[in-house]
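Asker: Questions regarding the structure given below will be posed in turn.
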Amino acid sequence: MSSPYILVVDDDDDIRETLSEALELAGYAVKTAPHGGEALSLLAEGEKPCLIVLDLMMPVMDGYAFREEQLRRPELASIPVVMVTASRSVREASTGAATVLFKPFSLGRLMAAVEQHC
Amino acid sequence: MPSGEPSLHRVLEHARQLLGLSNPADILVQTCGEAQHLAGARIALGSYVRPGQAWGAGLHVLLVDGEPRAVPPEAVSAAFAVHRRLAATRGPVELERAGGPPGVFAGLSVEPGFQAGAIRAVPLLQRTGRLVGSLLLASAGPEMPALSAPVLPELAELASAALASAERLAAARRDQERLMLLAEVTEEALWDWNVSSNEVWWAGGIQELLGGDGRDVVHHELDGKFARVHPADGDRVRASLARALASMASSWKAEYRLRRRDGSWAVVEDRAHFLREADGRAYRAIGSLRDVSEEKRLALEQQFLARATTALTESLDIDRNLEKAALVAASSVADWCTILLLDPRTDEPRKVIVAHRDGARAARVRGALEAALGDAGLGIGADVQQLVPLFGDEHARALVASAPVMAEVLGEVAPRSLLSAPMRTAGRVVGAVTLVTTEESMRSYGEADRALAHELAQRCAIAFDNASLFEEAQSAIRARDEFLSIASHELKTPLTPLELQLHTLSEKIPEYAKADKQDWVAKRLGRLRRQGQRLNRLASELLDISRIIGGRLQLEPEQVDLAELVRAVVAEFRDEGALARAQSRVSVEVGAPVLGRWDRMRLEQVVTNLLSNALKYGAGKPIAVSVSTADGLAVLSVEDQGMGIDPDDQERIFGRFERAVSVHHFGGFGLGLFIVRQIVEAMGGDIQVASSPGEGARFTVRLPPRRPPETAREPAPRPGTEHAAARPLGDTGGPR
């Protein structure tokens, strides 16, 4: 297996940075992308993350669109995804089996998902 | 001088005269005159006394030499004296001056110089034997020819018979007078039906009822009466009367419509009483007819207005309500009803509602009017109250002139009578209501109906207004809720990096802060974190509130172990330091797993809220949390030993924005328990509180393991909760 890293996809700079920091503090490597399109480019580069933390509301390509695309590509489909959103109602159909966390989430919960997959 | 035996001709002539008299005085005069003539007596005095009448008050007639004279009192007394003798003998009495009662003779000497000589008197006897008076003849000389003997009694007999007949006639006249007076006093029309001859005699208010003039009594055949009955009622009434006649019924009653002379209809209540022979056959009916049009009209009007109001307040869709109300009108007080609605911004007609019993015809007229809505003429007169009792050519011309489409409309509608009133609210005219009658109901509107149109139009206007206000309120509420939703999202977003960053900072304290400063830094970071959490909670409450109100509280149930969830929440509170701060020990008593299908997040919210309150109000004393099952329900209980809750407040605290303590003391929106209850009830459960001041409080939540399958339950109405916009809370039952 390639060295595990967590991919954080969120359009908010502060969230990307504070989340990265917190995860790094916990001992994980972190890469970030500001929207779904960049996330796909990053994933195309080769190494796959052990977990993707995916914001839903993003410009250019939002979480739903990214997820759809991810599921269409066999090499990406199996990567576990934690969807985060402030919005309570999430379209079930498009999230599939991913975990959903609601902002602001407790770090503990995120860590539970991280520890499970990474 | 006596004239000898009367000829047959004379006798017959006298009898003929008598037959023509009905006045007792005339009868007496005629009799006295004839007697005087036949007997050659100078004085004739006739007296007639009714039963119970004193002699002096009776009728006395005096003829002297054939001429009537005033009767002096002495003569009356003299006649009385004679009458007494007649009463005793009951037959003719003859008195001579010589040896006769002097007073009598003196009394009868009525002429100066006259000296009564002989008196012949006969009683006036009725067939029944009753003595009703006397006939007295007096002469100046001693002889009365023998004529007096055979003829006087016969004359008296004739007179008695004539008087009796006159009496009967007078009685009949009195009865009739009484009847006429009665008829005049009562407003009813009296009728008397001779069944065999089929003649009907009318009296009383029949003229007014039918709208004529003159007080003449009208004779009609029974068919004449039915000729004026409304065609729709005729058969029914005839049949009912026939049935009553044929049966042994003694009375009959019916209500129907009679046509007045002016063509309008009166609703009458007809009552009759039958007179029957011994064998049960009815030979006569006496009845009275009462005009109940006004009563009926008012009653129907009330009924109509009540039904129209129900229609106007039936739903939230004002157009539908107005259509329904128009249909109610078109089925009761009118044949057609139209409601014209103006656009409040431009005062131009924007919509027209047309109602008629026949939906297809109504649709045709509506179609025609809708196509012509732009026609300015349609709106003309919308603010004028109109009454056209009888629609004529000039009205038609005026209508068509103002709006050409009216030609087509009038062709379809053929109005008989028209009534309209503006819908006015807050000083503006928002439309007009028009009622039209046709030959279908044959009703004509009158002045009294103006109030009806006005009342109807006003209620429509009010309903219209309410609908507008309601929509505005709804709009405002929607805007508010949307804003709340957006606001809380926006508020939550920065909280994520805030909390994360604070977490990172506190993790890094050992590395970056000087050893002796670490506690100081940690404490301050803790404050920041708590404030962040508080912001989080507040934003969540805001969002929840807007969702709950908007009925958008959607539950997404999944398999949850309540016991494990409670343990997790308590652990989180502990980790976060809340327990330490409140200085409360929390003991968790959970046994076996308590499984159910619940919305995990919402359930957590309930537990968190209750625990949070317990810590807040627990005054540092131990808190007991327990999870168990009872009667198939999951039971969660959170108990503190703090200040307790006054019984008066125990219901209130579940209300929105309610708090049992001062705002400044404990902070928050006061929404916590309200939201908890909404969630618990949406899950099909309930929450109770047991508490007394100074002795803490125990909150107990009971939940069914899954939401009952019935359709969404409305929260029971409670004071202080908003219900105007409340709709059932939904359960998405989402699959996972």
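The values are calculated or read from the model by the stated rules, or taken from the named source; none is laboratory data. Keep in mind that this is a model prediction, so the values were computed, not measured. Here the Cβ positions follow ideal geometry from the backbone for every residue, glycine too, while neighbour counts run over all protein chains shown.
Asker: Go through (1) touching a strand residue (DSSP E or B) at 6+ places or on another chain (Cβ under 9 Å); (2) closer than 21 Å to B:G58 by Cα for B:F114 and report which single condition fails.
Answerer: The failed condition is (2).
Asker: B:R659 fails exactly one of the following numbered conditions: (1) of a type outside the set (F, W, Y); (2) buried (at least 19 other Cβ atoms within 10 Å of the Cβ); (3) modelled with pLDDT of 90 or more. What is the number of that condition?
Answerer: Here B:R659 clears every test but (3).
Asker: Still on this structure, I have one more. Give the residues of the stretch B:345-362 that are within 16 Å of B:A461 (Cβ to Cβ) and out of contact with any helix residue (DSSP H, G or I) (no Cβ under 8 Å at 6 or more places or on another chain), sorted by residue number.
Answerer: Correct list: B:R350 only.
Asker: Does the stretch B:559-578 contain any residue that is hydrophobic (A, V, I, L, M, F, W, C), part of a helix (DSSP H, G or I) and under 30 Å from B:F483 (Cα atoms)?
Answerer: no
Asker: Spot the failing condition for B:S134; the list is (1) among the polar types (S, T, N, Q); (2) under 60 Å from the mean Cα position of the chain (by Cα); (3) part of a strand (DSSP E or B), and only one is missed.
Answerer: The failed condition is (2).
Asker: Something else about it: Do any residues in the stretch B:24-50 that are on the phi > 0 side of the Ramachandran plot have Cβ atoms under 6 Å from those of residues that are surrounded by fewer than 21 Cβ atoms within 10 Å (Cβ to Cβ), where the two are at least six apart or on different chains, and which pairs are they?
Answerer: Between residues of the stretch B:24-50 that are on the phi > 0 side of the Ramachandran plot and residues that are surrounded by fewer than 21 Cβ atoms within 10 Å (Cβ to Cβ), the close pairs are B:G40/B:M1; B:G40/B:P2.
Asker: Check the stretch B:305-314 and report whether any residue there is surrounded by 22 or more Cβ atoms within 10 Å (Cβ to Cβ) and in contact (Cβ under 8 Å) with a residue 24 or more places away in the chain.
Answerer: Looking for residues that are surrounded by 22 or more Cβ atoms within 10 Å (Cβ to Cβ) and in contact (Cβ under 8 Å) with a residue 24 or more places away in the chain, one finds at least one in the stretch B:305-314, hence yes.
Asker: Follow-up. Can you tell me which residue in the stretch B:484-506 is nearest to the chain's Cα centre (by Cα), limited to those that are under 14 Å from B:L535 (Cα atoms) and within 7 Å of another protein chain (Cβ to nearest Cβ)?
Answerer: B:H489
Asker: While we're on this one: It is to be established whether one or more residues within the stretch B:344-358 are over 30 Å from B:E187 (Cβ atoms) and either part of a helix (DSSP H, G or I) or in contact with a Gly (Cβ under 6 Å, 6 or more places away or on another chain) (or both).
Answerer: The answer is yes, given that some residue of the stretch B:344-358 is over 30 Å from B:E187 (Cβ atoms) and either part of a helix (DSSP H, G or I) or in contact with a Gly (Cβ under 6 Å, 6 or more places away or on another chain) (or both).
Asker: Would you say A:V53 is of a type outside the set (S, T, Y), under 21 Å from B:T493 (Cα atoms), surrounded by fewer than 16 Cβ atoms within 10 Å (Cβ to Cβ) and in contact (Cβ under 8 Å) with a residue 24 or more places away in the chain?
Answerer: no
Asker: Looking at the stretch B:3-49, which of its residues are more than 16 Å from B:A79 (Cα to Cα), assigned to a loop (DSSP other than H, G, I, E, B) and not aliphatic (A, V, I, L, M)?
Answerer: Correct list: B:S3, B:G4, B:E5, B:P6, B:S7, B:G20, B:S22, B:N23, B:G40.
Asker: Of these, A:V9, A:V60, which one is on the phi > 0 side of the Ramachandran plot and either surrounded by fewer than 21 Cβ atoms within 10 Å (Cβ to Cβ) or more than 10 Å from chain B (Cβ to nearest Cβ) (or both)?
Answerer: When all the criteria are applied, what remains is A:V60.
Asker: Only one of (1) over 21 Å from B:P705 (Cβ atoms); (2) within 14 Å of chain A (Cβ to nearest Cβ) fails for B:L553. Which number is that?
Answerer: Every listed condition holds for B:L553 apart from (1).
Asker: Go through the stretch B:176-203 and give me each residue that's among the aliphatic types (A, V, I, L, M) and in contact with a strand residue (DSSP E or B) (Cβ under 7 Å, 6 or more places away or on another chain).
Answerer: Residues satisfying the conditions are B:L179, B:M180, B:A183, B:A189, B:L190, B:V195, B:V200, B:A203.
Asker: Further question on the same structure: Which residues, taken from the stretch B:279-298, are surrounded by 14 or more Cβ atoms within 10 Å (Cβ to Cβ) and either at pLDDT 90 or above or in a strand (DSSP E or B) (or both)?
Answerer: The answer is B:A282, B:R284, B:A285, B:I286, B:G287, B:S288, B:L289, B:R290, B:D291.
Asker: If you go through the stretch B:477-501 one residue at a time, how many are under 17 Å from B:G551 (Cβ atoms) and of a type in the set (A, V, I, L, M)?
Answerer: 3
Asker: Say we look at the stretch B:507-544 and pick out the residues that are over 20 Å from A:K103 (Cα atoms) and within 13 Å of chain A (Cβ to nearest Cβ); which of these is surrounded by the fewest Cβ atoms within 10 Å (Cβ to Cβ)?
Answerer: Within the stretch B:507-544, the match that is surrounded by the fewest Cβ atoms within 10 Å (Cβ to Cβ) is B:E511.
Asker: Hey, does the stretch B:474-495 have a residue that's among the hydroxyl-bearing types (S, T, Y), modelled with pLDDT of 85 or more, surrounded by 15 or more Cβ atoms within 10 Å (Cβ to Cβ) and in a helix (DSSP H, G or I)?
Answerer: No, the stretch B:474-495 has no match at all.
Asker: Same structure again: Identify the single condition in (1) at pLDDT 90 or above; (2) assigned to a loop (DSSP other than H, G, I, E, B); (3) over 18 Å from B:L419 (Cβ atoms) that B:A334 does not satisfy, given that it satisfies every other one.
Answerer: Tallying (1) at pLDDT 90 or above; (2) assigned to a loop (DSSP other than H, G, I, E, B); (3) over 18 Å from B:L419 (Cβ atoms), B:A334 fails exactly one: (3).
Asker: Suppose we filter the stretch A:18-42 for residues that are within 14 Å of chain B (Cβ to nearest Cβ) and either in contact with a Cys (Cβ under 9 Å, 6 or more places away or on another chain) or touching a residue at least 12 places away in the same chain (Cβ under 8 Å) (or both); how many remain?
Answerer: Here the count works out to 8.
Asker: Of all residues in the stretch A:1-31, count the ones that are closer than 16 Å to A:M83 by Cβ, outside any helix (DSSP H, G or I) and either β-branched (V, I, T) or out of contact with any strand residue (DSSP E or B) (no Cβ under 8 Å at 6 or more places or on another chain) (or both).
Answerer: 3
Asker: So, one more: Out of all the residues in the stretch B:318-341, which are more than 20 Å from the chain's Cα centre (by Cα) and closer than 16 Å to B:I462 by Cβ?
Answerer: Scanning the stretch B:318-341 gives B:I318, B:D319, B:N321, B:L322, B:K324, B:I339, B:L341.
Asker: Residues to consider are B:S264, B:S247, B:S251, B:S240; find the one that is polar (S, T, N, Q) and either modelled with pLDDT under 85 or under 15 Å from B:V292 (Cα atoms) (or both).
Answerer: Just one listed residue meets the conditions, B:S264.
Asker: Mind checking which pairs have a first residue in the stretch B:346-366 that is closer than 29 Å to B:R428 by Cβ and a second that is modelled with pLDDT of 90 or more and of a type in the set (S, T, Y), Cβ under 7 Å, 6 or more apart or different chains?
Answerer: Sorted first by the residue in the stretch B:346-366, then by its partner, the pairs are B:V352/B:T338; B:I353/B:T338; B:V354/B:T338.
Asker: Only residues that are within 14 Å of another protein chain (Cβ to nearest Cβ) and either of a type outside the set (G, A, S) or without any contact (Cβ under 8 Å) to a residue 24 or more places away in the chain (or both): list them for the stretch B:571-584, please. So that I can check it myself, show each step before the final result.
Answerer: Narrowing the stretch B:571-584 to residues within 14 Å of another protein chain (Cβ to nearest Cβ): B:571-578.
The answer is B:A571, B:E572, B:F573, B:R574, B:D575, B:E576.
Asker: Go through the stretch B:585-646 and tell me which strands (runs of 3 or more DSSP E), entirely inside it, have 2 or more residues that are touching a residue at least 40 places away in the same chain (Cβ under 8 Å).
Answerer: Values: elements: B:586-590, B:595-599, B:623-630, B:633-640.
Qualifying strands (runs of 3 or more DSSP E): B:595-599, B:623-630, B:633-640.
Asker: Can you tell me which residue among B:A568, B:A539, B:A578 is of a type outside the set (S, T, N, Q) and modelled with pLDDT of 85 or more? Spell out how you get there, then give the answer.
Answerer: Working: B:A539 fails: modelled with pLDDT of 85 or more; B:A578 fails: modelled with pLDDT of 85 or more.
The match here is B:A568.
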